[in-house]
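The values are calculated or read from the model by the stated rules, or taken from the named source; none is laboratory data. As the structure is a computational prediction, the values presented were derived from the model and not from experiment. Please note: Cβ atoms are built from the backbone with ideal geometry, for glycine as well, and neighbour counts cover all protein chains shown. What goes into the accessible areas is simple: the full protein's heavy atoms, side chains included, and nothing from ligands, DNA or RNA. Shrake-Rupley method; radii C 1.70, N 1.55, O 1.52, S 1.80 Å.
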Amino acid sequence: MNIIDGKGLANTIKAEIAEEVKAIVAAGGKVPHLAAVLVGDDAASLSYVRSKVRSCEKIGFKSTLIQEPTSITESKLLAIIDKLNKDDEIDGFIVQLPLPKHIDEEKVTLAIEPAKDVDGFHPVNFGRMAQGLPCYLPATPYGIMQMLERYNIDVEGKECVVLGRSNIVGTPMSILLSRKNSPGNATVSLCHSRTKNLAEHTKRADIIVAALGRANFVTADMVKEGVVIIDVGINRVDDPEAKRGYRLVGDVDYKDVAEKCSYITPVPGGVGPMTVTSLLMNTLKACRKEIYP
Ligand code: GUN
């Protein structure tokens, strides 16, 4: 059994990007600049956004954090997005989700210029991804594809089962794994809450991507020997012995399943750290105008 060290791989990739930034600076080029818009004071969102901004600083990117109160109107937020769209200094930006209920997330996502949509959430980027055209990939799927590639995990012709059909993880993952590309060329089943006989699918799988948001859902009896498991879940479970009163577990019952796996990602320290790296890679691409010349 091999553990896929997402944290270590994320650090390796960040070091590579930092070298590229040095080369850009040495050549007198423009330093990549990411902006993040955070609405409200949700603790988890604040922590995610801070981690993104901190990562930018560490690798030599510029970053701008725009914090607005929960009470901000939709039109004021749209005005901020319009300004970022037009600001040549900003290469890419994100609006952290979820947004307060009075703001229409779909409207906000559509307002972001696709060329600056480094989250890859705009339907133009999603559509380009589905057609195999140059695009910004959403952070989690991009991070997973990087893991598969850098660990030389054979995907072509394999049976892949994706659990969960969200717009930002499950659905794009199923497209990327089946795409005529490397990594890719897999036979993919996208399973969800209405799937019948789920274990019959997972038992057949060479590769499982679990992104359904249910703690310890995948157990040893559901997988075959030698399976590769990518666990996207980040679930809080009560733990009176932990300092915060809870600990984080994935969608896969790691202790139960790990022995049967050829590769497995831990939680924490697996997929999570790779998502920030994806955002940085997209921002570098935005700065170089690689996707939208
Ligand atoms: N909320 C949870 N994950 C994400 C993400 O990747 N991007 C944004 N903008 N918001 C999120």
³J(HN,Hα) computed for each position of the range 110-117 - Karplus, 6.51 cos²θ - 1.76 cosθ + 1.60, integer Hz, glycine/proline x:
5, 6, 6, 4, x, 5, 10, 7
What does the charge count around GLN96 come to, taking other residues whose C-beta lies under 12 Å from its C-beta (Lys +1, Arg +1, Asp -1, Glu -1)?
-3
Semi-axes of the range 1-112's equivalent ellipsoid from the Cα gyration tensor, sqrt of 5 times each eigenvalue, largest first, rounded to whole Å?
29, 20, 11
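At 1.4 Å probe size, with every protein chain present, just tell me what the per residue accessible area of the range 159-276 comes to in Å².
Details: 5840 Å² over 118 residues.
Here the per-residue accessible area is 49 Å².
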Rounded percent of accessible protein surface that carbon and sulfur make up, the range 61-132, 1.4 Å probe:
54
In Hz, Karplus ³J(HN,Hα) per residue of the range 217-224 (6.51, -1.76, 1.60; θ = phi - 60°; x = Gly, Pro):
5, 8, 10, 4, 5, 9, 10, 9
Can you compute the radius of gyration and Dmax for the chain, using only the Cα atoms, both in Å?
19.3, 58
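Quick one: compute the contact order of the range 93-157, relative version, from alpha carbon pairs under 8 angstrom and 6+ residues apart, as a percent. Walk me through the numbers before you get to the answer.
Working: 47 pairs, mean separation 13.9, N = 65.
That works out to 21 percent.
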Is there a pair in LYS76/LYS101; LYS22/LYS116; LYS180/LYS289 whose C-alpha atoms are over 18 Å apart, and which pairs would that be?
LYS22/LYS116; LYS180/LYS289
In what order, largest first, do HIS201, HIS122 sit by accessible area if the probe radius is 1.4 Å?
HIS201, HIS122
Where does each of ASP256, ASP91 land when they are ordered by accessible area, with a 1.4 Å probe and the largest first?
ASP256, ASP91
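Within the chain, what's the longest run with no trypsin sites (Lys or Arg not before Pro) in a DSSP loop and at most 15 other beta-carbon atoms within 10 Å? Give the range, please. Walk me through the numbers before you get to the answer.
Working: sites that count: LYS30, LYS101, LYS180, ARG194, LYS196, ARG214, LYS224, LYS243, ARG244, ARG288, LYS289.
It works out to 102-179.
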Environment charge at ASP238 (Cβ cut-off 12 Å; Lys +1, Arg +1, Asp -1, Glu -1)
+1
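Based on DSSP, what percent of beta bridges with both residues in the chain are antiparallel, to the nearest 5? Don't skip to the end; give the middle numbers.
On the way: 4 of 35 bridges.
Close to 10 percent.
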Using a Gaussian network model on the chain with a 10 Å cutoff between Cα atoms, which of PRO114, PRO98, PRO172 fluctuates the most?
PRO98
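Anything over 18 Å Cα to Cα? Flag those among LYS14/LYS62; LYS14/LYS86; LYS158/LYS203; LYS83/LYS107, in the order listed. Write out the running numbers ahead of the final one.
On the way: LYS14/LYS62 14 Å; LYS14/LYS86 28 Å; LYS158/LYS203 13 Å; LYS83/LYS107 16 Å.
Result: LYS14/LYS86 exceed 18 Å.
Just the number please: accessible area per residue for the range 1-108, 1.4 Å probe, all protein chains included, in Å².
On the way: 5740 Å² over 108 residues.
I get 53 Å² per residue for this part.
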Please give the residues of the range 255-293, grouped as numeric ranges, whose backbone N is less than 20 Å from a label point set 7 Å along the Cα-to-Cβ vector of LEU97.
271-283
Take GLU159 and LYS76, extend 7 Å from each Cα along the Cα→Cβ direction, and tell me the distance between the two endpoints in nm.
5.5
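With a 1.4 Å probe and all protein chains left in place, how much of the accessible area of the range 190-246 comes from carbon and sulfur atoms, in whole percent? Numbers along the way, then the final one.
Details: 1510 of 3400 Å².
Heavy-atom surface of the range 190-246 belonging to carbon and sulfur, 1.4 Å probe: 44 percent.
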Could you pull out every residue, at least 5 positions away or on a different chain, whose amide H is within less than 5 Å of the one on ILE94? Hs are placed 1.01 Å off N in the peptide plane, and Pro or chain starts have none.
ALA35, ALA36, VAL37
Whole-Hz ³J(HN,Hα) for each residue in the range 161-168, computed from phi via Karplus 6.51 cos²θ - 1.76 cosθ + 1.60 with θ = phi - 60°, x for glycine and proline: what do you get?
10, 9, 9, x, 10, 5, 5, 9
Percent of beta bridges antiparallel (DSSP, the range 116-273, rounded to nearest 5):
20
